[in-house]
């Protein structure tokens with residue numbers, strides 16, 4: 001479907017530190033303008049659109065928790081191609097409207113295509129529903145309720161530290177490379193696991209992001225023979241229980257892994273380890289053959305990637321989720337019409353059929369050659385507009401054309417002007433001869 005001809009909001013993204021390909025933006029829809037929300041006439045977010053600022057390059061979108069009554073929601077938008085580290089890169093967001101077709105999840109610009117092929121699983125509310133095409137959807141236990149609490153961004157899920165978790169007996173990634181990203185606000189510091197990929201029949205085979213009793217963060221690659229050999233611990237920073245923390249773990253290769261806490265590179269590890277037989281995804285606990293380490297607190301924006309994301313990618317993701325308002329700045333509304341525009345036809349035929357054409361003050365409608373056709377409806381000009389026809393044919397069929405002079409007098413469609421005025425302005429001269437041309441006198 002073509003980009004709609006409705007109002008839209010625009011904003012300029014914060015550039016990454018180095019160029020990225022097919023990066024997925026996040027946008028807080030509560031920050032869209034009042035004019036944007038006024039055009040929303042549906043609760044179906046998939047009827048919204050996004051594009052680059054050329055107005056023709058449509059971008060795939062995922063409308064998360066869209067609420068047209070509360071005027072809230074989150075939008076994931078994949079910037080197709082290169083997101084440069086310099087220059088101005090603007091996104092247009094068009095409001096959901098019943099005039100647009102609802103996109104299916106697998107459509108070219110639908111939900112699944114808002115994420116690149118390395119976005120293996122994504123749980124924005126902290127567990128349960130996977131937004132990616134991999135569909136590793138997790139089942140809850142302990143009467144857990146997805147998205148039951150306020151989050152760093154939108155809503156999060158509360159874990160009780162003893163019985164609650166989300167889990168599936170499959171994994172979106174089975175080996176290196178991989179990336180874990182989680183936003184967490186723990187209630188207590190202790191041995192607690194935020195996310196784990198494990199062999200459910202073993203007690204010591206996994207990849208995991210785990211809190212330590214010391215208040216440090218671990219990215220842990222474990223095999224039966226390794227014990228703590230593949231564990232990376234945060235060095236500079238400790239986990240906070242009073243604010244949100246972003247946990248990030250990376251497995252580049254079997255002998256290269258790293259950990260980040262709140263966008264800070266903390267430590268690396270080079271022990272050569274490759275867990276095998278991974279067949280369980282757990283959020284909120286260690287879900288191997290001896291389950292435990294239940295998380296106590298809030299989790300959201302849980303991501304699993306089948307690539308070791310670059311520092312530039314991780315920083316861009318941190319910046320947009322940590323402070324979306326600063327990342328985008330002000331969203332500015334662009335209305336359907338405006339002042340000071342030019343409609344120009346140098347050659348060929350311009351045809352406008354079946355509706356009124358209204359030009360605002362100071363607009364210019366000009367055809368140097370060819371034919372301008374307006375059939376069946378009114379053509380309205382305000383005072384000080386210029387209508388110029390140098391050569392060719394101007395056809396107005398079925399309605400009158402009324403032109404207003406600078407002095408307030410009017411050329412009516414039903415009566416000729418007669419003799420040319422002895423004293424007239426340049427604009428009166430233009431209108432006088434247009435009138436004569438139209439009447440054939």
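The simple Förster model, with R0 at 51 Å and r as the Cβ-Cβ distance, assigns residue 228 and residue 98 a FRET efficiency of 0.30.
Over all distinct Cα-Cα pairs of region 119-308, the Kirkwood formula returns a hydrodynamic radius of 15.8 Å.
One Cα centroid belongs to region 126-203, the other to region 68-98; the line between them spans 27 Å. Sorting the segments 301-310, 92-101 by their residues' average number of neighbouring beta-carbon atoms within 10 angstrom, most packed first, yields 301-310, 92-101. Modelled spin labels at residue 35 and residue 276, positioned 7 Å past Cα toward Cβ, are 6.3 nm from each other.
None of the figures in this text is laboratory data; all of them are computed from the coordinates on show. Here the structure is a predicted model, which means the values were calculated and not measured. Glycine also receives a Cβ, built like all others from the backbone with ideal geometry; neighbour counts cover every protein chain displayed.
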